[in-house]
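The values are calculated or read from the model by the stated rules, or taken from the named source; none is laboratory data. Quick caveat, the model's predicted, so the values are computed rather than measured. Quick reminder, even Gly has a Cβ in these numbers, built from the backbone with ideal geometry, and neighbours come from all protein chains shown.
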Amino acid sequence: MQYRTVPKNGDSLSALGFGAMRLPMKRGRVDEEKSIRLIRMAIDQGINYIDTAFPYHGGDSEKVVGKALRDGYRNRVKLATKLPPWNVNSREDMDKILSIQLKRLQTDCIDYYLLHSLNAGIWKKFLELGVIEFLETSRAEGKIKNIGFSFHGDRKTFHEIIDAYDWTFCQIQYNLLDEENQAGKDGLLYAASKKIAVIIMEPLRGGMLAGGLPGEVKTIYKRADPRRSAADFGLSWIWNHPQVTVVLSGMNDEKHLAENIETCNKALPDFMTDADLAVIEEVKSVFKNKMKVGCTGCSYCMPCPFGVNIPLCFYYYNQYYMVKNKIITRGFYGMQLMGGGGTPANASLCRKCGKCLSACPQKIAIPDELQKVSQKLDNWQTKLFIMIAQKLFRPAVKDE
Ligand code: SF4
Ligand code: SF4
(Lines give C-alpha, C1' and ligand atoms only; values in the text may rest on other atoms or scores of the structure.)
(Ligands and ions follow the chains in the order given, each with its own letter.)
Protein backbone atom coordinates (compact mmCIF):
# COMPACT_ATOMS: atom_id res chain seq x y z
CA MET A 1 0.00 0.00 0.00
CA GLN A 2 1.16 3.51 -0.79
CA TYR A 3 1.10 5.93 2.18
CA ARG A 4 1.21 9.73 2.25
CA THR A 5 1.94 12.03 5.18
CA VAL A 6 -0.36 14.58 6.82
CA PRO A 7 1.87 17.67 7.06
CA LYS A 8 0.58 19.03 10.38
CA ASN A 9 0.62 15.85 12.48
CA GLY A 10 2.91 13.41 10.64
CA ASP A 11 0.20 10.72 10.33
CA SER A 12 0.99 8.26 7.57
CA LEU A 13 -2.33 7.63 5.77
CA SER A 14 -3.00 5.07 3.06
CA ALA A 15 -3.31 6.93 -0.25
CA LEU A 16 -6.49 4.89 -0.83
CA GLY A 17 -9.17 5.51 1.80
CA PHE A 18 -12.35 3.49 2.34
CA GLY A 19 -15.42 5.67 1.73
CA ALA A 20 -18.50 4.28 3.50
CA MET A 21 -21.07 6.35 1.60
CA ARG A 22 -22.06 3.59 -0.79
CA LEU A 23 -21.83 0.32 1.11
CA PRO A 24 -23.02 -2.96 -0.46
CA MET A 25 -26.82 -3.27 -0.32
CA LYS A 26 -29.20 -6.17 0.06
CA ARG A 27 -32.98 -5.88 -0.24
CA GLY A 28 -32.83 -2.08 0.06
CA ARG A 29 -30.68 -2.03 3.20
CA VAL A 30 -26.97 -2.05 3.92
CA ASP A 31 -25.65 -5.59 3.60
CA GLU A 32 -24.05 -5.56 7.04
CA GLU A 33 -22.21 -8.85 6.82
CA LYS A 34 -20.69 -8.08 3.43
CA SER A 35 -19.82 -4.49 4.43
CA ILE A 36 -18.02 -5.60 7.58
CA ARG A 37 -16.11 -8.26 5.66
CA LEU A 38 -15.10 -5.75 3.00
CA ILE A 39 -14.00 -3.04 5.46
CA ARG A 40 -11.88 -5.55 7.39
CA MET A 41 -10.42 -6.93 4.17
CA ALA A 42 -9.44 -3.38 3.17
CA ILE A 43 -7.74 -2.83 6.53
CA ASP A 44 -5.95 -6.18 6.29
CA GLN A 45 -4.56 -5.01 2.94
CA GLY A 46 -3.17 -1.78 4.38
CA ILE A 47 -6.01 0.77 4.11
CA ASN A 48 -5.93 2.83 7.30
CA TYR A 49 -8.35 5.71 6.61
CA ILE A 50 -12.09 5.06 6.90
CA ASP A 51 -14.53 7.85 6.06
CA THR A 52 -18.19 7.94 6.99
CA ALA A 53 -20.78 10.62 7.85
CA PHE A 54 -23.87 11.08 10.01
CA PRO A 55 -26.44 10.87 7.17
CA TYR A 56 -24.83 8.14 5.02
CA HIS A 57 -27.31 5.28 4.58
CA GLY A 58 -29.68 7.10 6.97
CA GLY A 59 -27.22 6.59 9.87
CA ASP A 60 -26.53 2.93 9.14
CA SER A 61 -23.08 3.64 7.67
CA GLU A 62 -21.69 4.88 11.00
CA LYS A 63 -23.28 1.91 12.79
CA VAL A 64 -21.84 -0.65 10.37
CA VAL A 65 -18.40 1.00 10.43
CA GLY A 66 -18.55 0.84 14.25
CA LYS A 67 -19.25 -2.89 14.09
CA ALA A 68 -16.54 -3.48 11.48
CA LEU A 69 -13.97 -1.82 13.71
CA ARG A 70 -14.55 -4.20 16.64
CA ASP A 71 -12.11 -7.04 17.35
CA GLY A 72 -9.00 -4.85 17.28
CA TYR A 73 -9.62 -3.17 13.91
CA ARG A 74 -10.30 0.26 15.49
CA ASN A 75 -6.65 0.62 16.57
CA ARG A 76 -5.42 -0.02 13.05
CA VAL A 77 -7.21 2.89 11.38
CA LYS A 78 -7.82 6.61 11.44
CA LEU A 79 -11.57 7.13 11.58
CA ALA A 80 -13.28 10.12 9.95
CA THR A 81 -16.87 11.32 10.26
CA LYS A 82 -18.71 14.61 9.80
CA LEU A 83 -20.99 17.11 11.53
CA PRO A 84 -24.13 17.45 9.34
CA PRO A 85 -25.33 21.05 8.83
CA TRP A 86 -28.79 19.77 7.86
CA ASN A 87 -29.43 18.56 11.40
CA VAL A 88 -27.79 21.38 13.36
CA ASN A 89 -29.95 24.28 14.53
CA SER A 90 -28.21 25.15 17.81
CA ARG A 91 -24.90 24.77 19.60
CA GLU A 92 -26.50 21.99 21.71
CA ASP A 93 -27.35 19.99 18.56
CA MET A 94 -23.61 19.74 17.81
CA ASP A 95 -22.84 18.06 21.16
CA LYS A 96 -25.87 15.81 20.79
CA ILE A 97 -24.86 14.68 17.30
CA LEU A 98 -21.23 14.04 18.27
CA SER A 99 -22.31 11.93 21.19
CA ILE A 100 -24.61 9.87 18.91
CA GLN A 101 -21.72 9.43 16.48
CA LEU A 102 -19.32 8.20 19.18
CA LYS A 103 -21.95 5.70 20.26
CA ARG A 104 -22.70 4.52 16.72
CA LEU A 105 -19.00 4.20 15.92
CA GLN A 106 -18.28 2.44 19.23
CA THR A 107 -15.33 4.67 20.00
CA ASP A 108 -14.44 7.46 22.42
CA CYS A 109 -12.59 9.62 19.90
CA ILE A 110 -12.96 10.50 16.20
CA ASP A 111 -9.49 10.87 14.64
CA TYR A 112 -10.55 13.12 11.76
CA TYR A 113 -13.69 15.21 12.33
CA LEU A 114 -15.14 17.28 9.49
CA LEU A 115 -17.75 19.97 9.09
CA HIS A 116 -19.83 18.38 6.36
CA SER A 117 -20.35 19.86 2.91
CA LEU A 118 -19.42 23.50 3.50
CA ASN A 119 -20.39 26.27 1.12
CA ALA A 120 -20.80 29.99 1.86
CA GLY A 121 -24.26 29.66 3.44
CA ILE A 122 -23.50 26.59 5.53
CA TRP A 123 -20.18 28.03 6.78
CA LYS A 124 -21.98 31.22 7.85
CA LYS A 125 -24.67 29.22 9.64
CA PHE A 126 -22.09 27.06 11.44
CA LEU A 127 -20.11 30.14 12.55
CA GLU A 128 -23.21 31.87 13.89
CA LEU A 129 -24.12 28.77 15.89
CA GLY A 130 -20.66 28.63 17.54
CA VAL A 131 -19.06 25.75 15.66
CA ILE A 132 -15.46 26.82 16.38
CA GLU A 133 -16.08 26.76 20.13
CA PHE A 134 -17.74 23.33 19.72
CA LEU A 135 -14.76 21.95 17.78
CA GLU A 136 -12.19 23.25 20.23
CA THR A 137 -14.10 22.13 23.31
CA SER A 138 -14.64 18.66 21.81
CA ARG A 139 -10.95 18.41 20.99
CA ALA A 140 -9.93 19.55 24.50
CA GLU A 141 -12.26 16.88 25.91
CA GLY A 142 -10.57 14.24 23.73
CA LYS A 143 -13.69 13.45 21.68
CA ILE A 144 -12.15 14.52 18.37
CA LYS A 145 -8.51 14.81 17.34
CA ASN A 146 -7.97 16.50 13.97
CA ILE A 147 -10.29 19.17 12.62
CA GLY A 148 -11.22 19.61 8.96
CA PHE A 149 -14.10 20.22 6.59
CA SER A 150 -15.56 18.83 3.40
CA PHE A 151 -16.46 21.29 0.68
CA HIS A 152 -18.91 21.76 -2.19
CA GLY A 153 -18.95 25.53 -2.60
CA ASP A 154 -17.23 28.01 -4.90
CA ARG A 155 -13.51 28.71 -5.13
CA LYS A 156 -13.60 32.11 -3.42
CA THR A 157 -15.41 30.66 -0.41
CA PHE A 158 -12.89 27.81 -0.28
CA HIS A 159 -10.04 30.31 0.11
CA GLU A 160 -11.98 32.19 2.80
CA ILE A 161 -12.61 29.02 4.79
CA ILE A 162 -9.02 27.81 4.44
CA ASP A 163 -7.81 31.18 5.78
CA ALA A 164 -10.34 31.31 8.61
CA TYR A 165 -8.99 28.51 10.84
CA ASP A 166 -5.97 26.33 11.53
CA TRP A 167 -7.34 23.22 9.76
CA THR A 168 -5.38 19.96 9.71
CA PHE A 169 -7.17 18.67 6.62
CA CYS A 170 -9.92 19.32 4.13
CA GLN A 171 -11.93 17.14 1.75
CA ILE A 172 -12.72 18.29 -1.76
CA GLN A 173 -14.41 16.89 -4.84
CA TYR A 174 -11.70 16.40 -7.43
CA ASN A 175 -11.45 14.36 -10.61
CA LEU A 176 -10.44 14.89 -14.20
CA LEU A 177 -13.63 16.82 -14.92
CA ASP A 178 -13.57 19.00 -11.80
CA GLU A 179 -10.20 20.64 -12.18
CA GLU A 180 -11.97 23.98 -12.58
CA ASN A 181 -15.06 23.31 -10.46
CA GLN A 182 -15.76 23.91 -6.76
CA ALA A 183 -12.38 24.11 -4.93
CA GLY A 184 -10.70 22.68 -8.04
CA LYS A 185 -6.99 22.48 -8.73
CA ASP A 186 -6.54 26.01 -7.46
CA GLY A 187 -8.03 24.93 -4.11
CA LEU A 188 -5.93 21.77 -3.98
CA LEU A 189 -2.73 23.78 -4.46
CA TYR A 190 -3.83 26.49 -2.04
CA ALA A 191 -4.65 24.02 0.76
CA ALA A 192 -1.38 22.15 0.20
CA SER A 193 0.57 25.43 0.29
CA LYS A 194 -0.85 25.96 3.79
CA LYS A 195 0.27 22.45 4.87
CA ILE A 196 -3.33 21.23 4.98
CA ALA A 197 -3.78 17.58 4.02
CA VAL A 198 -6.23 17.12 1.14
CA ILE A 199 -8.62 14.18 1.04
CA ILE A 200 -10.30 13.64 -2.33
CA MET A 201 -13.94 12.58 -2.69
CA GLU A 202 -15.82 11.65 -5.86
CA PRO A 203 -12.59 10.72 -7.70
CA LEU A 204 -14.67 9.09 -10.45
CA ARG A 205 -17.68 11.41 -10.11
CA GLY A 206 -19.88 8.78 -8.50
CA GLY A 207 -18.77 6.17 -11.05
CA MET A 208 -19.53 8.34 -14.07
CA LEU A 209 -15.85 8.32 -15.13
CA ALA A 210 -15.60 4.54 -14.87
CA GLY A 211 -18.83 3.15 -16.34
CA GLY A 212 -21.51 4.27 -18.79
CA LEU A 213 -18.94 6.32 -20.70
CA PRO A 214 -19.70 8.01 -24.03
CA GLY A 215 -18.51 5.92 -27.01
CA GLU A 216 -15.83 8.50 -27.96
CA VAL A 217 -14.27 8.22 -24.49
CA LYS A 218 -14.28 4.42 -24.60
CA THR A 219 -12.43 4.57 -27.93
CA ILE A 220 -9.77 6.92 -26.51
CA TYR A 221 -9.09 4.61 -23.56
CA LYS A 222 -9.03 1.53 -25.84
CA ARG A 223 -6.36 3.15 -28.03
CA ALA A 224 -4.10 3.93 -25.04
CA ASP A 225 -0.89 1.97 -24.71
CA PRO A 226 -0.61 0.20 -22.35
CA ARG A 227 -4.35 -0.38 -22.27
CA ARG A 228 -5.87 0.29 -18.84
CA SER A 229 -9.38 0.66 -17.48
CA ALA A 230 -11.12 4.03 -17.27
CA ALA A 231 -11.11 3.74 -13.47
CA ASP A 232 -7.36 3.12 -13.47
CA PHE A 233 -6.79 6.21 -15.62
CA GLY A 234 -9.13 8.38 -13.55
CA LEU A 235 -7.68 7.39 -10.15
CA SER A 236 -4.06 7.48 -11.39
CA TRP A 237 -4.56 11.03 -12.60
CA ILE A 238 -5.53 12.10 -9.07
CA TRP A 239 -2.68 10.27 -7.31
CA ASN A 240 -0.33 11.81 -9.84
CA HIS A 241 -0.79 15.10 -7.90
CA PRO A 242 1.78 15.23 -5.07
CA GLN A 243 -0.55 17.56 -3.12
CA VAL A 244 -3.18 14.81 -2.71
CA THR A 245 -3.05 12.89 0.59
CA VAL A 246 -5.89 10.34 0.39
CA VAL A 247 -8.35 9.39 -2.35
CA LEU A 248 -11.64 8.01 -1.04
CA SER A 249 -13.33 5.26 -2.94
CA GLY A 250 -16.66 3.63 -2.15
CA MET A 251 -15.65 0.06 -2.95
CA ASN A 252 -18.51 -2.38 -2.72
CA ASP A 253 -16.99 -5.71 -3.68
CA GLU A 254 -13.70 -7.58 -3.37
CA LYS A 255 -12.83 -7.18 -7.06
CA HIS A 256 -13.29 -3.44 -6.91
CA LEU A 257 -11.11 -3.25 -3.78
CA ALA A 258 -8.34 -5.36 -5.39
CA GLU A 259 -8.35 -3.22 -8.58
CA ASN A 260 -8.11 0.05 -6.64
CA ILE A 261 -5.28 -1.25 -4.47
CA GLU A 262 -3.39 -2.34 -7.56
CA THR A 263 -3.76 1.13 -9.11
CA CYS A 264 -2.85 2.85 -5.84
CA ASN A 265 0.35 0.86 -5.43
CA LYS A 266 1.78 2.07 -8.72
CA ALA A 267 0.26 5.58 -8.86
CA LEU A 268 2.98 7.55 -7.09
CA PRO A 269 3.20 11.35 -7.28
CA ASP A 270 4.20 12.59 -10.77
CA PHE A 271 4.40 9.05 -12.20
CA MET A 272 2.18 9.61 -15.27
CA THR A 273 3.91 9.91 -18.64
CA ASP A 274 3.24 12.59 -21.24
CA ALA A 275 1.37 9.95 -23.27
CA ASP A 276 -0.87 9.14 -20.26
CA LEU A 277 -1.60 12.82 -19.73
CA ALA A 278 -2.42 13.27 -23.42
CA VAL A 279 -5.06 10.52 -23.11
CA ILE A 280 -6.60 12.36 -20.15
CA GLU A 281 -6.66 15.65 -22.10
CA GLU A 282 -8.51 13.97 -24.98
CA VAL A 283 -11.08 12.50 -22.59
CA LYS A 284 -11.59 15.86 -20.92
CA SER A 285 -12.24 17.57 -24.22
CA VAL A 286 -14.95 15.04 -25.16
CA PHE A 287 -16.76 15.72 -21.90
CA LYS A 288 -16.29 19.47 -22.17
CA ASN A 289 -18.01 19.45 -25.56
CA LYS A 290 -21.09 18.04 -23.87
CA MET A 291 -21.31 20.94 -21.41
CA LYS A 292 -24.16 23.42 -21.86
CA VAL A 293 -22.46 26.44 -20.23
CA GLY A 294 -18.71 27.07 -20.49
CA CYS A 295 -18.39 28.15 -16.85
CA THR A 296 -14.95 27.47 -15.39
CA GLY A 297 -16.03 28.06 -11.77
CA CYS A 298 -13.64 31.01 -11.33
CA SER A 299 -16.17 32.90 -9.11
CA TYR A 300 -15.25 36.33 -10.51
CA CYS A 301 -19.00 36.95 -10.85
CA MET A 302 -19.55 36.46 -7.13
CA PRO A 303 -21.07 37.58 -4.86
CA CYS A 304 -24.45 38.06 -6.46
CA PRO A 305 -26.45 40.71 -4.54
CA PHE A 306 -29.49 38.41 -4.63
CA GLY A 307 -27.63 35.40 -3.28
CA VAL A 308 -27.37 33.20 -6.40
CA ASN A 309 -24.40 30.84 -6.30
CA ILE A 310 -23.71 31.29 -10.01
CA PRO A 311 -20.83 28.81 -10.51
CA LEU A 312 -22.56 26.07 -8.56
CA CYS A 313 -25.81 26.53 -10.54
CA PHE A 314 -23.88 26.09 -13.79
CA TYR A 315 -21.88 23.19 -12.38
CA TYR A 316 -25.02 21.14 -11.65
CA TYR A 317 -26.71 22.23 -14.89
CA ASN A 318 -23.71 20.96 -16.89
CA GLN A 319 -23.57 17.81 -14.82
CA TYR A 320 -27.26 17.23 -15.53
CA TYR A 321 -26.49 16.90 -19.24
CA MET A 322 -23.25 14.95 -18.81
CA VAL A 323 -24.35 12.11 -16.56
CA LYS A 324 -26.84 9.30 -16.93
CA ASN A 325 -28.12 9.45 -13.35
CA LYS A 326 -30.01 12.74 -13.40
CA ILE A 327 -31.78 12.09 -10.09
CA ILE A 328 -28.50 12.31 -8.14
CA THR A 329 -27.60 15.60 -9.84
CA ARG A 330 -31.04 16.99 -9.08
CA GLY A 331 -30.66 15.86 -5.47
CA PHE A 332 -27.29 17.56 -5.04
CA TYR A 333 -28.63 20.73 -6.64
CA GLY A 334 -31.59 20.73 -4.26
CA MET A 335 -29.59 20.01 -1.13
CA GLN A 336 -26.78 22.45 -1.99
CA LEU A 337 -28.70 25.29 -3.56
CA MET A 338 -32.40 25.17 -2.72
CA GLY A 339 -32.11 25.43 1.04
CA GLY A 340 -31.54 21.76 1.81
CA GLY A 341 -28.56 22.65 3.98
CA GLY A 342 -28.44 26.41 4.47
CA THR A 343 -29.42 29.64 2.74
CA PRO A 344 -31.02 29.14 -0.72
CA ALA A 345 -28.73 30.14 -3.61
CA ASN A 346 -30.59 28.68 -6.60
CA ALA A 347 -30.99 30.02 -10.12
CA SER A 348 -34.57 31.33 -9.64
CA LEU A 349 -33.27 33.98 -7.23
CA CYS A 350 -31.69 35.86 -10.15
CA ARG A 351 -33.32 39.29 -10.61
CA LYS A 352 -31.48 39.99 -13.86
CA CYS A 353 -29.74 43.06 -12.40
CA GLY A 354 -26.78 42.45 -14.72
CA LYS A 355 -24.08 43.15 -12.10
CA CYS A 356 -22.32 39.85 -12.78
CA LEU A 357 -22.12 40.21 -16.57
CA SER A 358 -18.99 42.35 -16.91
CA ALA A 359 -17.08 40.19 -14.40
CA CYS A 360 -17.27 36.98 -16.44
CA PRO A 361 -14.11 36.29 -18.45
CA GLN A 362 -16.00 33.65 -20.45
CA LYS A 363 -18.58 36.25 -21.54
CA ILE A 364 -21.42 34.02 -20.43
CA ALA A 365 -24.89 35.58 -20.62
CA ILE A 366 -25.34 34.70 -16.95
CA PRO A 367 -28.98 35.80 -16.31
CA ASP A 368 -30.22 34.13 -19.52
CA GLU A 369 -28.39 30.91 -18.75
CA LEU A 370 -29.63 30.97 -15.15
CA GLN A 371 -33.17 31.14 -16.47
CA LYS A 372 -32.55 27.87 -18.32
CA VAL A 373 -31.07 26.34 -15.16
CA SER A 374 -34.12 27.46 -13.25
CA GLN A 375 -36.49 25.89 -15.80
CA LYS A 376 -34.61 22.59 -15.71
CA LEU A 377 -33.74 22.26 -12.02
CA ASP A 378 -35.80 24.65 -9.85
CA ASN A 379 -38.99 22.69 -10.25
CA TRP A 380 -41.36 20.45 -8.33
CA GLN A 381 -39.22 17.34 -8.90
CA THR A 382 -36.28 18.88 -7.04
CA LYS A 383 -38.57 20.21 -4.30
CA LEU A 384 -40.03 16.73 -3.86
CA PHE A 385 -36.53 15.28 -3.63
CA ILE A 386 -35.61 17.77 -0.86
CA MET A 387 -38.76 16.94 1.10
CA ILE A 388 -37.98 13.22 0.95
CA ALA A 389 -34.29 13.73 1.80
CA GLN A 390 -35.14 15.95 4.79
CA LYS A 391 -37.62 13.40 6.09
CA LEU A 392 -34.95 10.69 5.82
CA PHE A 393 -32.16 12.73 7.45
CA ARG A 394 -33.82 14.84 10.12
CA PRO A 395 -35.42 12.18 12.35
CA ALA A 396 -31.99 10.62 12.84
CA VAL A 397 -31.03 13.38 15.35
CA LYS A 398 -33.15 11.95 18.12
CA ASP A 399 -31.25 10.20 20.93
CA GLU A 400 -30.09 6.74 20.00
S1 SF4 B 1 -27.93 39.16 -12.99
FE2 SF4 B 1 -28.75 37.64 -11.62
S3 SF4 B 1 -27.02 36.36 -11.05
FE4 SF4 B 1 -26.18 38.22 -11.95
S5 SF4 B 1 -25.78 39.51 -10.17
FE6 SF4 B 1 -27.81 40.05 -10.92
S7 SF4 B 1 -29.22 38.76 -9.75
FE8 SF4 B 1 -27.16 37.91 -9.48
S1 SF4 C 1 -17.37 34.54 -13.84
FE2 SF4 C 1 -18.21 33.35 -15.53
S3 SF4 C 1 -16.87 31.55 -15.69
FE4 SF4 C 1 -16.47 32.50 -13.70
S5 SF4 C 1 -17.84 31.42 -12.28
FE6 SF4 C 1 -18.94 33.23 -12.97
S7 SF4 C 1 -20.12 32.48 -14.73
FE8 SF4 C 1 -18.54 30.97 -14.34
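Quick rundown of the values:
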quantity	calculated
Filter pass, Lys363 being within 15 Å of ligand 2 (Cβ to nearest atom), modelled with pLDDT of 90 or more, assigned to a loop (DSSP other than H, G, I, E, B) and over 19 Å from the mean Cα position of the chain (by Cα)	no
Top-ranked residue of segment 289-305 - restricted to ones that are farther than 16 Å from Arg155 by Cα and either of a type in the set (Val, Ile, Thr) or surrounded by 14 or more Cβ atoms within 10 Å (Cβ to Cβ) (or both), ranked as farthest from ligand 1 (Cβ to nearest atom)	Met291
Selected residue (only one of Tyr316, Tyr320, Tyr300 is among the hydroxyl-bearing types (Ser, Thr, Tyr) and not in a helix (DSSP H, G or I))	Tyr300
Qualifying residue in segment 381-395 (condition: modelled with pLDDT of 85 or more, in contact with a helix residue (DSSP H, G or I) (Cβ under 8 Å, 6 or more places away or on another chain) and away from ligand 2 (no atom under 16 Å from the Cβ))	no
Residues that are among the charged types (D, E, K, R), within 22 Å of Lys96 (Cα to Cα) and in contact with a Lys or Arg (Cβ under 9 Å, 6 or more places away or on another chain), drawn from segment 18-70	Asp51, Asp60, Glu62, Lys63
Residue that is modelled with the lowest pLDDT [pool: residues in segment 298-327 that are within 9 Å of ligand 2 (Cβ to nearest atom) and farther than 15 Å from Ala345 by Cα]	Cys298
Qualifying residue in segment 243-254 (condition: over 18 Å from the mean Cα position of the chain (by Cα), within 16 Å of ligand 1 (Cβ to nearest atom) and at pLDDT 90 or above)	no
Which listed residue, of Asp154, Asp178, Asp186, Asp163, is within 16 Å of ligand 1 (Cβ to nearest atom) and either of a type outside the set (S, T, N, Q) or touching a Pro at 6+ places or on another chain (Cβ under 7 Å) (or both)	Asp154
Test result for Arg27, of a type in the set (Lys, Arg), closer than 15 Å to Arg74 by Cα and more than 23 Å from the chain's Cα centre (by Cα)	no
Residue pairs meeting the criteria (Cβ under 8 Å; at least 6 apart or on separate chains; first within 13 Å of ligand 1 (Cβ to nearest atom), in segment 357-376; second polar (S, T, N, Q))	Ser374/Asn346; Ser374/Ser348
Only one of Met41, Met21 that is part of a helix (DSSP H, G or I), in contact (Cβ under 8 Å) with a residue 60 or more places away in the chain and assigned by TED's automatic domain parsing to the domain that holds Gly206	Met41
Lone qualifier among Ile162, Ile100 - being assigned to a helix (DSSP H, G or I), touching a residue at least 60 places away in the same chain (Cβ under 8 Å) and either in the same structural domain as Ala68 (by TED's automatic domain parsing) or farther than 24 Å from Phe314 by Cα (or both)	Ile100
Among residues of segment 331-359, those that are modelled with pLDDT under 85, surrounded by fewer than 17 Cβ atoms within 10 Å (Cβ to Cβ) and assigned to a loop (DSSP other than H, G, I, E, B), counted	2
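Condition check ((1) surrounded by fewer than 18 Cβ atoms within 10 Å (Cβ to Cβ); (2) closer than 14 Å to Ser249 by Cβ; (3) of a type in the set (Lys, Arg)) across all residues:
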{"residue": "Gly19", "(1), (2), (3)": "no, yes, no"}
{"residue": "Ile36", "(1), (2), (3)": "no, no, no"}
{"residue": "Asp51", "(1), (2), (3)": "no, yes, no"}
{"residue": "Arg76", "(1), (2), (3)": "yes, no, yes"}
